[in-house]
Structures are given as structure tokens and as C-alpha cells.
1. Can you report the number of residues in the stretch 145-171 which are part of a helix (DSSP H, G or I) and in contact (Cβ under 8 Å) with a residue 24 or more places away in the chain?
2. Would you mind stating whether G49 is within 18 Å of the chain's Cα centre (by Cα), surrounded by 15 or more Cβ atoms within 10 Å (Cβ to Cβ) and touching a residue at least 24 places away in the same chain (Cβ under 8 Å)?
3. Only one of I309, I293, I288 is without any contact (Cβ under 8 Å) to a residue 24 or more places away in the chain and in contact with an Asp or Glu (Cβ under 6 Å, 6 or more places away or on another chain). Can you tell me which?
4. What's the total number of residues in the stretch 256-304 that are more than 21 Å from Y359 (Cβ to Cβ) and in a loop (DSSP other than H, G, I, E, B)?
5. Identify all residues within the stretch 148-167 that are small (G, A, S) and more than 10 Å from the ligand (Cβ to nearest atom); write none if there are none.
6. Does Y32 fit the bill of being modelled with pLDDT of 95 or more and crowded, with 17+ Cβ neighbours inside 10 Å?
7. Failed condition for R311, given (1) over 18 Å from K65 (Cα atoms); (2) within 16 Å of the ligand (Cβ to nearest atom), with all others met?
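The values are calculated or read from the model by the stated rules, or taken from the named source; none is laboratory data. Note that the structure is a prediction, hence the values are computed from the model and not measured. Cβ placement follows ideal geometry from the backbone for every residue including glycine, while neighbour counts extend to all protein chains displayed.
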Amino acid sequence: MANYIKTINTGDSYDIVIVGAGISGITLAERYASIGKKVLIIEKRDHIGGNCHDFINEAGILVSKYGPHYFHTNDEEVWKYVNRFSQWHHYEHRVIGHNHGKSFPIPVNRITINTAFDLNLKNEQEVEQWITAHKIPIADPQNAEEAVLARMGKELYELIFKGYTTKQWGVDPRDLGTEVTDRIPFRTNDDDRYFTDTYQGVPLHGYTKLCEALVDNPLIDIIFSTDWNQYKDQLSSIKKLFFTGKIDQYFSEKYGSLEYRSLQFEFETLDQEWYQQYAQENYPSLEIPYTRIVEYKHSTGQTHPHTTISREYSTSEGEPYYPVPSERNKVLYEKYRYAAMELEKQNIFFVGRLANYKYFNMDQAFRNALDLFDTVENGAK
Ligand code: UDP
């Protein structure tokens, strides 16, 4: 077991101090403890796992505190790594959307187009023809709206992306980078899986248990509910520091604040076995205030006579979830990145989604931390 400590003895000499107990922080802790280093993790919240923290709620159902996480990867090494710490429940994510009085698979495939527009396109070729006739010729899309229009046209943009993206980000899709909507593929076949990666699933007993297993080493001390700033000047003997929090906060926002989009969840436990057909159902319409409804048991595989759902609302206040890829933020982040690079000479490293100001999928977070460890310790690229 890791040592869950209540106070930091600043006289203790740690080889490694890690700020944040999310995926990036605990992966680095695991790697360093495995080579005999003494590690301290300082976590602001009162739990492990960052935004993938899950727990059994009062009804006995496994739910995610900060929204669902579906693991998917083509990275064999990362898949092997995470399998060392947990058994996995095979789960392939599927999503349906509801809008304009219709229900259809997301990402767009042949069935989406036929259902949404009352068509009968019979094969991939007919879908290609439909798309060619509808997509808008934009040679070099400059924002999230143009990116969708260029790939699939106005009808699908208005059905699936316009309202959802506006609600999710609180700005016009024209003010967001193309990478926001480019995450969502477009298919001409009938594949209705959200991800097509080789390895997909969720940890059999949840992400919190997976995270606990990663730090299961007596060389690791963890302290919760503690602000790193309190100890910043006292932990003078630290050999290496890994910071996984907000990069602008590390530098006391000296160049200005980066924007982060947050989420709020409205949980409801119902006296029925199932609420909806899929783990996730999206509501792109602006008339509905939430973006999606998630029903956890579909993905965890749990059997239970009751069910818990959560409605998801996007906000600008609260825990940071998503870096907002606007022009302003990109320029600002470059300044912080440069300042962060300078600190590497003093063995201070910035790692993870908040420190890199980049929306990582979970496998990318593991990969990023594993690569950083290799680079720092072995000089690998
Ligand atoms: N998106 C959308 N409609 C949908 C699903 C996604 O417009 O039904 C857009 C939206 O801008 C979202 C982005 O695509 O932020 C990425 O979606 P993804 O499902 O990857 O978001 P996440 O699950 O990471 O919040």
C-alpha cells in the first residue's frame, strides 16, 4: 500500500515530488517507486484518480464523479501497462443522438444519414455520393464550424454539431480550433462504435481501484486536501518535481489566465433497472440545457435492480476539464510553455492535460507520463 499521510514532514527527503494524483501523477509515481525512489504526491482534492475518480454511490452503483471515462487505445505498450494493475471489462462505446425528432448513431455513419434525412442510401458508394453533394468546399478550414462543413456539410453540422458545440464550449464554434470537432470521425459504413481502437474497455472494478493499484508501493506517500503552494518553499531537498496542475497557476498567472471549460453533473438514481438504451445519449439541440445523459451500468457491466444516470451541463466555473482551444489561449499557452521549458534545467517538469494545456485521452496521458519518465531517466526521445 502507499502511505496515505496526514501531514508532510518537510524534513523527510523525497527524491521525487509530484503535484496531482491523476493519471499522469500516479504513473510517474509508479515508475519512480519501481526504481527505488522515494515519492511524495501532493493532491489538492480529497481523493485519488483526478477526473477519472469513481465510487460506489448510496444505491450501490459504480459512478464517475467527473463524468464517464472510456479507455481506448492502439498503443500496445500502454495497454500492457494498464493491464498490469487491473483486470478489464471489455466495453465498446456507442452513442445515439436525439434531435429534430429523430434518434441516430453518432459518429455519423450510413444509418445516421438515412435515419435523420429519411433516405435509403444502400451502400458506402451512395453515402460517398451524398456527402460529395452536401459538403462545402473549404480548402483550409480555420475553425470548428468550417471543419465540419468541409467534411460533411450544413445539414449534419446543424443536426449534430452546432448546438452541442455551442453548449459544450459556451462560444460560437467559429471561435474554436478545428481540433475540437475533428475528434469525431465520419463514416460511410455501418460501424456505430464511437472508437475503433484495437483495445477498449473499463477497469473491472473502476478507475479508482486501478489508480490505487498503481501507487501500491510503500515508497509512495500521498497527501490529500493539500495545496502544493503551502509547501513550495519548504521542500528544498526535492531532486525532481513533476507538476500536473494548471500551468498558468504554477506561474501565478503572470501572463494572464488560461480558460478551462468545466462540467456540472446532475445525478439521479431511479427505481428501475434501465433508463436508456445506450451508455451515452446526446442532445445537440439548444432547447435542451444539458449536452448528454450517461447511464453508467451500460459501460461498467454492473448488474443492479436500480440505475444511476447523470445529465451533463457545461459551465465556465468549477473544476477544470477541458482546455479551450481558442486563438487567445493558444498564444498565451506558448508563453507559459516557454517558461516551463526553462525550468527543466532545475528538474521541474510539467506533465499531463492541465500542465500541457492539451486535451489528452486517457491512453495519451499514460503515454505522456511514461515517455517523460524515459526521457528524464534514460535520455530516451
Ligand atoms: N460534438 C458535437 N456533437 C456531439 C458530439 C460531439 O458537436 O454529439 C463535438 C463537441 O464540440 C465536442 C467535440 O465534438 O466537444 C468532441 O466530442 P467528444 O465526444 O470527443 O467529447 P468528450 O466526450 O471528450 O467531451
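1. Filtering the stretch 145-171 down to residues part of a helix (DSSP H, G or I) leaves 145-169.
When the remaining residues are screened for being in contact (Cβ under 8 Å) with a residue 24 or more places away in the chain, the result is 145-148, 151-152, 155-156, 159-164, 166-169.
Adding up the residues that qualify gives 18.
2. Working: within 18 Å of the chain's Cα centre (by Cα): yes; surrounded by 15 or more Cβ atoms within 10 Å (Cβ to Cβ): yes; touching a residue at least 24 places away in the same chain (Cβ under 8 Å): yes.
It is true that G49 is within 18 Å of the chain's Cα centre (by Cα), surrounded by 15 or more Cβ atoms within 10 Å (Cβ to Cβ) and touching a residue at least 24 places away in the same chain (Cβ under 8 Å).
3. Values: I309 fails: without any contact (Cβ under 8 Å) to a residue 24 or more places away in the chain; I288 fails: in contact with an Asp or Glu (Cβ under 6 Å, 6 or more places away or on another chain).
Only one candidate passes the filter, namely I293.
4. We begin by selecting, within the stretch 256-304, every residue more than 21 Å from Y359 (Cβ to Cβ); these are 266-278, 281, 283, 285-289, 293, 295-298, 300-304.
Among the residues that remain, those that are also in a loop (DSSP other than H, G, I, E, B) are: 271-278, 283, 285-289, 296, 301-304.
Residues in the stretch 256-304 being more than 21 Å from Y359 (Cβ to Cβ) and in a loop (DSSP other than H, G, I, E, B): 19 in total.
5. Keep residues of the stretch 148-167 that are small (G, A, S), which gives 150, 153, 163.
Answer for the stretch 148-167, where residues must be small (G, A, S) and more than 10 Å from the ligand (Cβ to nearest atom): A150, G153.
6. Working: modelled with pLDDT of 95 or more: yes; crowded, with 17+ Cβ neighbours inside 10 Å: yes.
Spelling it out, Y32 is indeed modelled with pLDDT of 95 or more and crowded, with 17+ Cβ neighbours inside 10 Å.
7. (1)
Conditions (1) under 23 Å from C52 (Cβ atoms); (2) at pLDDT 95 or above; (3) surrounded by 13 or more Cβ atoms within 10 Å (Cβ to Cβ), marked per residue:
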| residue | (1), (2), (3) |
| --- | --- |
| T308 | yes, yes, yes |
| Y321 | yes, no, yes |
| P325 | yes, no, yes |
| V331 | no, yes, no |
| A340 | no, yes, yes |
| F349 | yes, yes, yes |
| L354 | yes, no, yes |
| D371 | yes, yes, yes |
